[in-house]
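Heads up: the structure comes next, in structure tokens.
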């Protein structure tokens, strides 16, 4: 589709979403930007401080990632948005010439910063690094994302932790809607850049629906669901996705923020989600946990100490096929950087393979089989089938 | 050359050193083992705990390294030599199918372990990791190096810190000679493996000469100079090399252990050294220091914060050519693993390039020009010439 032309849309005339196939609730498609296409469902590796931790950018690309995520909160503190802009933008800075989506900073202001003060205008907070005072408003967040040169920019929102009272969820949802309007208005950017709205409303179906309906009228180029995977059971998360989905525009990408485990991804894809980001594969890798098609494997466990088998001999990722479990255990036990490098690589490869498998399955109308077979693999407890 | 056949030499019939060219005191050559050739002068990246820290093994190879070093002390403690052997040897364990040289453990027993007790038989010590008691003797050191599958094994020796008294240097040198005999006798290994002796004697010319002469009669496949770069000025180290060199067999490789800076390498090559190992490029990289042909650059320094220039645009290492100094500064400032990965890569690339440049210059009879031009580059203070 192309967006109906309006003055505000002119800047994004090269941003398109094409729905390629549906299979039950799942869909596969393609987002096109001047930087290239993003095949959906897509997993976006998180590049918090302008680096996908423990990975060379070329490796991330080779695994099949079309887009990575940058965090406004971290980047505004170090090295600073104006500095990144003067250095030629975030793509050049981190040597990643492909698509970048930036969050708005709202989530991490709430989770990381000190001495927050939230009002209608925005959030005043102290840096968790040096205590310096900063202000984030919808306008400043969009300005920062523009300075970074982000291809897909997110509205500034307030994300509450679950569980929370309905009053609190209602207040934060309405504030986020007002901030959505201000964000969309402030969104400038160059042709080809996009701005996404974020559905809030806690675990309250009526609030979620209202948020989705109002945002859908606001001329965003994509719709995100925020405020999930923040402490609630998976069932609640999936119920909220099911509640919201009928009210999201079909002709725009659907992005589930901050999610999740491989199981979360498959279940959310089954319900119509197109995009994901999560620190899980990278963070878990640094802590010795490997995601494979035979399930999770904790390499810190002493049972691997003499195991000559690779994590997955059939994997296309050398980290999974060319190193023994005994060696990976040894590296983690010794705190060696290579252990973190290899397991991060393995995990991001698995996440990308999972999304590639889902896309192919949806395109061929066999997503249910794919979902069942994938789940059966995870039941193997880390061991290849006998 | 091939070694004169004797019973003990049969095991190494495939280990050869060929002197290809001389230029002043400098020489270039080639060591051949069943695993491949080692072009000399050679820098051996240190793979302490079965990993060249923060590098994939394939990267190390691509930089031109023909051989890496493994540390007996670290590997005997974790994961254990018998375990590595059961897993197929160190080459397979660390996914490095090329040559491996192992030290004997003697140096690190002295520098790292607790509660050492040294006697004629060997050293009893406690692990710095868990306090467990271990014993290293010449026989056990050679057994461990054999279990690891090392291609070039080092005699067990005692290395004293400088400065030290002549009495102490004399005692340690004579003990090391007795241990050399025991090591050479215990050296078994398969065809193609080699065993090197180590010249000791502190900063005492007469002791060094005596050590070199006695060791030269012992049928070692190569000769190392140990106990240097242990606290003494560079001039003392170079004087000791000059003292020893006339007494080393010309037809065997000369290995200067634990050295050093790029300047140490060039000066030692000029005096006839063929092989080096040192943690400097890898350790310095993890701490933000880059070695380039324009000199050392400390990326932690705030002066790089807005510098869009790469470390060396003409380098063949992407770490040096594809990332700005501002970005590298940012990564080090944030403690990002990618910063350590990139700078380790840059430094090992520079060390390998330096050795490749020396080899080519020696072969073409222009080593003095190379040495002068290389030094002139280092005077640039990190800046390319205007």
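Laid out as a table, the results:
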quantity	calculated
On Cα atoms only, tilt of B:166-186 relative to the major axis of chain B in degrees	70 degrees
Descending semi-axes in whole angstrom, ellipsoid equivalent of the range A:164-299, from the Cα gyration tensor	28, 18, 14
Residue mean of other protein chain beta carbons inside 10 Å, B:330-341	6
Per-copy distances of the residue B:191 label point, shortest first, in nm (7 angstrom along Cα→Cβ)	7.1
Over the range B:63-161: Kirkwood hydrodynamic radius from C-alpha pairwise inverse distances, Å	13.7 Å
Share, in percent, of DSSP beta bridges within the range B:202-361 that are antiparallel, nearest 5	50 percent
Ranked list, fewest to most other Cβ atoms within 10 Å of each Cβ, for B:33, B:374, B:51	B:374, B:33, B:51
Folded to 0 to 90 degrees: helix B:205-216 orientation relative to chain B principal axis, Cα	70 degrees
The range A:116-134 and the range A:158-204: distance between their alpha carbon centers, rounded to Å	18 Å
At 7 Å out from Cα toward Cβ: residue B:126 inter-copy label distances (nm, ascending)	4.3
MRE, 222 nm, helices only [DSSP H, n ≥ 4, -39500 (n - 2.57), over chain B, to nearest 500]	-11500 deg cm²/dmol
Relative contact order computed over chain A (Cα-Cα under 8 Å; 6+ residues apart), in percent	17 percent
Relative compactness, chain B, computed as alpha-carbon Rg over 2.2 N^0.38 Å	0.97
Prolate/oblate/rounded call for the range A:326-386, Cα gyration tensor, a/c under 1.5 rounded	oblate
Packing-based exposure ordering (other Cβ within 10 Å, fewest first) of A:179, A:294	A:294, A:179
Förster-model FRET efficiency, 56 Å R0, residue A:236 and residue B:209, C-beta, rounded to 0.05	0.10
Relative contact order (percent, whole number), the range B:41-134, Cα cutoff 8 Å, 6+ residue spacing	23 percent
The range B:228-386: C-alpha pair distances exceeding 26 Å, %	31 percent
Scattering profile of the protein assembly as shown at q = 0.05, 0.06, 0.07, 0.11 Å⁻¹ [log10 I(q)/I(0), Debye over alpha-carbon scatterers]	-0.32, -0.45, -0.59, -1.13
Cβ-derived FRET efficiency at R0 45 Å, residue B:279 paired with residue A:120, nearest 0.05	0.20
Antiparallel DSSP beta bridges within the range B:48-193, percent to nearest 5	55 percent
DSSP bridge pairs, chain A: antiparallel proportion in percent, nearest 5	50 percent
Other copies of residue B:143: label-to-label distances in nm, shortest first, labels 7 Å along the beta-carbon direction	7.2
Length-normalised contact order of the range A:302-386 in % [C-alpha pairs under 8 Å, at least 6 apart]	21 percent
Residue order, fewest to most beta carbons within 10 Å, for B:164, A:159	B:164, A:159
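Each reported figure results from applying straightforward, stated rules to the coordinates on display, with no laboratory input. These figures come from a predicted structure and were not determined experimentally. Counting neighbours? That spans all protein chains shown, and the Cβs are built from the backbone with ideal geometry, glycine included.
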